[in-house]
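Since the structure comes first, as structure tokens, the remarks are kept for the end.
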Amino acid sequence: MPTSPAPAATDQAWKSINTIRALAMDAVEQANSGHPGTPMALAPAGWVLWTEFLQHSPRHPDWPDRDRFILSCGHASMLLYGLLHLTGYDLPLEEIKAFRQWGSATPGHPERGATPGVEVTTGPLGQGVGNAVGMAMAERVLAERFNRDDLPVVNHRVWAFVSDGDLMEGVASEAASLAGHLRLGKLTLVYDDNRITIDGTTDLAFSEDVAARFEGYGWHVSAVGDGNDLEAIRKAYAAALADERPTLIVLRTVIADPAPTKRNTSGAHGAPLGAEEIRRTKEVMDWPDEAFHVPPEAHRATQRAIERGNDAYGTWTTSWQRYQAEHPPEAAELQRWLTGELPEGWDADLPAYGPGDGPLATRKASAGALETAAGTVGNLIGGSADLAGSTGVALAGVPDFTADRAGLQVHWGIREHGMAACLNGIAAHGGLRPFGSTFLVFSDYMKPAMRLSALMELPVIYIGTHDSIGVGEDGPTHQPIEHLAMLRAIPNLTVIRPADANETVEAWRAALSASQTPTVLVLTRQKLPVLDRARYGNADGLRRGAYVLFDPVTEPEAIIMATGSEVHPALEAGEALTADGVPTRVVSFPSWELFLAQSDSYREAVLPSSVRARVAVEAAATMGWHRFTTDDGQVIGLDRFGASAPAATLFQQFDLTAERIIAATRDVWTRRP
């Protein structure tokens, strides 16, 4: 087992390392909540990285060419907060004292946007590994596109601290496998091999040779046998810098080191150490018995870290100024990419369709819109989880991202979970607009990362095709039923299910215009008619979430609302009812989220509160629709799994037909107050 530092150690580095350990103990104790053990164990590795190897500037936390650091084991957040505080970021001691409290900059797990210097929101284990891989991909793309031989204005690395739990989660394996395949040499994971989980030692459930696994992925692997051996840690970091492969450093640590009785126990994982154990630990460290003590030596280290960061930032700034002078078009483009601005007129040439162009599956219409946008926006990067032809993301003439070339077409392999986590990393890095695609039913595999996209306000675009029982013969395993309800339940996630080709184009306009909201485009496998916009509402109504597609000449007395493929039988029903004396409005309702973001007056204009006879139609779970139909209405949908048969047969057998919509609408109209 690694040994603790000598109690009387006075070396400058150990003063700062023990400051981090003490702050972790004190903050968790005061909050009566949190995880002190891993911050204590990783403090030496963290201090060496942040003060000697990490390229960062505390006074310029958003500097584009900074190294990215990810604490994938987000439960160890006090390690990151201690490092940020001691290296001079705007995180004063008062915020450390407010750990896990309302409104503080030190939440229980690191949150992007809450704390300067925090790159991504971590906590769900394994996600940070995928984020790190995505960031390394983004760095390579930008470097290959913009660097010149004497002016490498994009030249940084990605570092991540990961735990046993991270490497047990399957998403980490997916992302690490891809990173090895792509030879992402500027990526280093430091594996905290402390062999303790909440339930006990890792050998309860985990006995694999992690080093051999990563070697099999194509990684460079090294080992440090003692997490307190600063020189060995330095050598491992230096070796990572010199290798062209991604690096895994297996760092053997002792959780809660140097606590006398709780070190190397699960009791230090997720609970305060207790006042007596903290007192005894501080004795071992030769530390004052006072809470939140930061010695003068640590403050001197802070100033040196700030100066080191200022020097690095200044060197880059000089190179950037030269780059702007010598390569103005490229500099302007890189600046635009980094700010997320869309080029003027980017959507001018997006396709427009007429009835004669149909029928057309919305996945095919999406392919056309994406192809055009990729050529004008310039920094779209993405692909599919081995379904590029089916999901419409195989872009002609766009180079692949390989071990030898950082193209914008990514083959993610059958790795939906890893793909989504990497997309978050690409978006969080900045400079690129990522998208990923698969069948909608496999959003089950992606949901944790999609939730984090929304939580971090990252404008990732998810494409989910084969959106309903319209999948047909593949049967219920591939027919999404509950997925729209699941996705709509995620705050800050925009779900769009367009009804025809022109709505699909508008969906791309909405998705690419979003800057703080991820979007899911939900698209059909089966062909749909292209609506005649000379007769019906303009497709740009999609950007408001719902709009009037068809209205009777007189005031409507009933409303039918629908999404996607079901808009077409709804329209047929609405016109038939109107002709038969039931004035019926038909509303295309592609996005609940966009509609709910509109003004009260607009929502009232589309769904007048005076019209209580309402029917909603969607080939999916009915959950949630009653907020729009009210208690007087009906919802036609599917609250059971599908079946294997041709799509047309399934829509008939499950009675998702114009005839049923007519009957339901007439029923609620007859019973209206």
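Structure data summary
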quantity: Test: residue in the stretch 4-12 that is part of a helix (DSSP H, G or I), surrounded by fewer than 24 Cβ atoms within 10 Å (Cβ to Cβ) and modelled with pLDDT under 95; calculated: yes
quantity: The stretch 485-505, subset among the aliphatic types (A, V, I, L, M) and either out of contact with any Leu (no Cβ under 8 Å at 6 or more places or on another chain) or open to solvent by 10 Å² or more (accessible area, probe 1.4 Å) (or both), residue nearest to GLY340 (Cα to Cα); calculated: ILE490
quantity: Selection count where residues are free of Cβ contacts under 8 Å to residues at least 60 places away in the same chain and in contact with a helix residue (DSSP H, G or I) (Cβ under 9 Å, 6 or more places away or on another chain), scope the stretch 276-289; calculated: 3
quantity: Selection status of GLY537, closer than 27 Å to GLU604 by Cβ, in contact with a helix residue (DSSP H, G or I) (Cβ under 9 Å, 6 or more places away or on another chain) and free of Cβ contacts under 8 Å to residues at least 60 places away in the same chain; calculated: no
quantity: From ALA242, ALA205, ALA238, residue being open to solvent by 30 Å² or more (accessible area, probe 1.4 Å), within 19 Å of LEU42 (Cα to Cα) and aliphatic (A, V, I, L, M); calculated: ALA238
quantity: All positions within the stretch 527-581 that are under 22 Å from THR630 (Cα atoms), touching a Ser or Thr at 6+ places or on another chain (Cβ under 8 Å) and among the small types (Gly, Ala, Ser); calculated: GLY545, ALA546, ALA558, ALA562, GLY564, ALA573, GLY574
quantity: Flag for ASP632 being free of Cβ contacts under 8 Å to residues at least 40 places away in the same chain and either among the β-branched types (Val, Ile, Thr) or over 27 Å from THR504 (Cα atoms) (or both); calculated: no
quantity: GLU333 vs. criteria closer than 17 Å to LEU142 by Cα and part of a loop (DSSP other than H, G, I, E, B); calculated: no
quantity: GLY340 being surrounded by fewer than 13 Cβ atoms within 10 Å (Cβ to Cβ) and modelled with pLDDT of 95 or more; calculated: no
quantity: Output for the stretch 277-335, where each listed residue is aliphatic (A, V, I, L, M), within 27 Å of HIS60 (Cβ to Cβ) and touching a Lys or Arg at 6+ places or on another chain (Cβ under 9 Å); calculated: ALA298, ALA301, ILE306, ALA312, LEU334
quantity: Which listed residue is over 21 Å from GLU575 (Cα atoms) and not small (Gly, Ala, Ser), from THR622, THR657, THR629; calculated: THR622
quantity: Only one of VAL505, VAL530, VAL548 that is over 21 Å from ALA361 (Cβ atoms) and aliphatic (A, V, I, L, M); calculated: VAL548
quantity: Conditions (1) of a type in the set (D, E, K, R); (2) open to solvent by 10 Å² or more (accessible area, probe 1.4 Å); (3) within 28 Å of ASP444 (Cβ to Cβ): number failed by ASP164; calculated: (2)
quantity: Some residue of the stretch 210-231 being over 20 Å from SER173 (Cβ atoms), open to solvent by 30 Å² or more (accessible area, probe 1.4 Å) and part of a helix (DSSP H, G or I); calculated: yes
quantity: Selection count where residues are open to solvent by less than 10 Å² (accessible area, probe 1.4 Å), of a type outside the set (Ser, Thr, Tyr) and in a helix (DSSP H, G or I), scope the stretch 43-79; calculated: 11
quantity: Failed condition for ALA365, given (1) assigned to a helix (DSSP H, G or I); (2) closer than 27 Å to HIS568 by Cα; (3) open to solvent by 40 Å² or more (accessible area, probe 1.4 Å); calculated: (3)
quantity: Of the criteria (1) touching a residue at least 40 places away in the same chain (Cβ under 8 Å); (2) open to solvent by 10 Å² or more (accessible area, probe 1.4 Å); (3) touching a helix residue (DSSP H, G or I) at 6+ places or on another chain (Cβ under 6 Å), which one HIS478 fails; calculated: (1)
quantity: Failed item in (1) assigned to a loop (DSSP other than H, G, I, E, B); (2) hydroxyl-bearing (Ser, Thr, Tyr); (3) surrounded by fewer than 16 Cβ atoms within 10 Å (Cβ to Cβ), with TYR353 passing the rest; calculated: (3)
quantity: Checking ARG322 against (1) crowded, with 16+ Cβ neighbours inside 10 Å; (2) out of contact with any Gly (no Cβ under 9 Å at 6 or more places or on another chain), the condition it does not meet; calculated: (1)
quantity: Helices (runs of 4 or more DSSP H) within the stretch 370-469 that include 2 or more residues in contact (Cβ under 8 Å) with a residue 24 or more places away in the chain, among the charged types (D, E, K, R) and open to solvent by 20 Å² or more (accessible area, probe 1.4 Å); calculated: 443-456
quantity: Among (1) within 20 Å of the chain's Cα centre (by Cα); (2) open to solvent by 20 Å² or more (accessible area, probe 1.4 Å); (3) of a type in the set (Asp, Glu) - the single one ASP149 does not satisfy; calculated: (1)
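For (1) under 28 Å from ILE490 (Cα atoms); (2) part of a loop (DSSP other than H, G, I, E, B), each residue gets a yes or a no:
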{"site": "PHE628", "(1), (2)": "yes, no"}
{"site": "ALA645", "(1), (2)": "no, yes"}
{"site": "GLN652", "(1), (2)": "no, no"}
{"site": "ARG666", "(1), (2)": "no, no"}
{"site": "ARG672", "(1), (2)": "no, yes"}
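The values are calculated or read from the model by the stated rules, or taken from the named source; none is laboratory data. What you see is a predicted model; the values in this text were computed from it and never measured. Heads up, the Cβs are rebuilt from the backbone with ideal geometry, glycines too, and the neighbour counts pull from every protein chain shown. For accessibility, only protein heavy atoms count, side chains too; no ligands or nucleic acids. Shrake-Rupley method; radii C 1.70, N 1.55, O 1.52, S 1.80 Å.
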